[in-house]
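The values are calculated or read from the model by the stated rules, or taken from the named source; none is laboratory data. All values reported here derive from a predicted model rather than from experimental measurement. Every residue, glycine as well, gets a Cβ built from its backbone with ideal geometry; the counts of neighbours run over all protein chains shown. With ligands, DNA and RNA removed, areas are computed over all heavy atoms of the protein, side chains included. Shrake-Rupley method; radii C 1.70, N 1.55, O 1.52, S 1.80 Å.
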Amino acid sequence: MFVDQHIVITGGSSGLGLELASQLAAKGARLTLIARNLAKLEQAASDLRQQVPGARVAVQAVDVCDEQAISGVMQQIAQQGQGIDMLINSAGIPREGYFEKAPLADLREVMEINYFGLLNATRAALPYLEQSRGRLVNIASMAGLTGAFGYTAYCASKHALVGLSEALRYELQPKGIRVHLVCPGEFDSPMVDELDKARTPENRAHAQIIPKAGVEPIARDTLAGIRTGQFLIIPTLPARLTALGIRLLPRLVRWLGDRTIAGVQDTLR
């Protein structure tokens, strides 16, 4: 279903966005990658062309938080690529730390990028998705389905994204646009590697109750969910089982989280 589809990926220069691009290129999709850093984008595109001979990859350097800029870029992308068949919103940042010590600027930055940046890209692409009766794919997180120690800013932004996606599903379906919400657990990526250098011990233990996954199976399960028309896509079996527990046994899940955090804090005393 991805052959010759023009797919735009925000956050496409690294992490899950880049892995999705790699797997989609192998399936014959036409890609446009969006991120802020042009050098990283060009390197990502070059790597993709080496990995997948004949890969069709274009890049656009733009900040999704700039509403006017992303609107102009989406128009340009649609004109050059003869429309947009799918938008994958993968741009986002993690922030972790004790809430009472977090600078307000950091809390605002996370919401600005993870929520409003996605909002800007989605609004800019909507006219073209409506023309193609295409698909909107929002990459959220398990942190959008539950809480996690140290992730106050991140959880808030991803919960907002989950709510937005739920509402957009109803609003866009009559227009012929399919919405997919992807909620992975933690996975190997440059951002998580950076986070690992200074994260709180409570967060490390709590967030990784679900074992950290590789980015390849996360992307593979994401594309499988899109192909089968799932709205809520939770990649990997451990994350799906955890999500089931959150929904059916929330008190047990909170108890397990409390015990995990208390055990870490006991060792710190």
Notebook entry, point to check: Of the residues that make up segment 31-48, is at least one out of contact with any strand residue (DSSP E or B) (no Cβ under 9 Å at 6 or more places or on another chain) and not in a helix (DSSP H, G or I)?
Noted result: no
Item checked: Test for I93: is it over 27 Å from G150 (Cβ atoms), touching a residue at least 12 places away in the same chain (Cβ under 8 Å) and within 14 Å of the chain's Cα centre (by Cα) -> no
Checklist line | Residues (of a type in the set (S, T, N, Q), buried (at least 22 other Cβ atoms within 10 Å of the Cβ) and closer than 19 Å to D4 by Cα) located in segment 58-99 | finding: none
Notebook entry, point to check: Do we have K197 as of a type in the set (D, E, K, R) and more than 20 Å from A125 (Cα to Cα) here?
Noted result: yes
Checklist line | From the options G54, G83, G72, residue that is in a loop (DSSP other than H, G, I, E, B), of a type in the set (G, A, S) and farther than 22 Å from Q173 by Cα | finding: G54
Next item on the list: Considering each residue of segment 124-141, count those that are hydrophobic (A, V, I, L, M, F, W, C) and open to solvent by 10 Å² or more (accessible area, probe 1.4 Å), and give that number.
Entry: 3
Notebook entry, point to check: With R30, R49, R56 as the choices, which residue is of a type in the set (D, E, K, R) and under 17 Å from L136 (Cα atoms)?
Noted result: R30
Next item on the list: Could you look through segment 23-57, keep only residues that are touching a Ser or Thr at 6+ places or on another chain (Cβ under 8 Å) and open to solvent by 50 Å² or more (accessible area, probe 1.4 Å), and pick out the one that is farthest from P127 (Cα to Cα)?
Entry: Q51
Next item on the list: Kindly check whether there is at least one residue in segment 115-136 that is under 24 Å from G245 (Cα atoms), free of Cβ contacts under 8 Å to residues at least 60 places away in the same chain and touching a helix residue (DSSP H, G or I) at 6+ places or on another chain (Cβ under 6 Å).
Entry: no
Notebook entry, point to check: What number goes with the only condition from (1) crowded, with 20+ Cβ neighbours inside 10 Å; (2) under 19 Å from A219 (Cα atoms) that A121 does not pass?
Noted result: (2)
Check: When segment 8-22 is examined, which residues are found to be over 26 Å from P127 (Cα atoms), out of contact with any Asp or Glu (no Cβ under 8 Å at 6 or more places or on another chain) and part of a helix (DSSP H, G or I)?
Finding: G15, S22
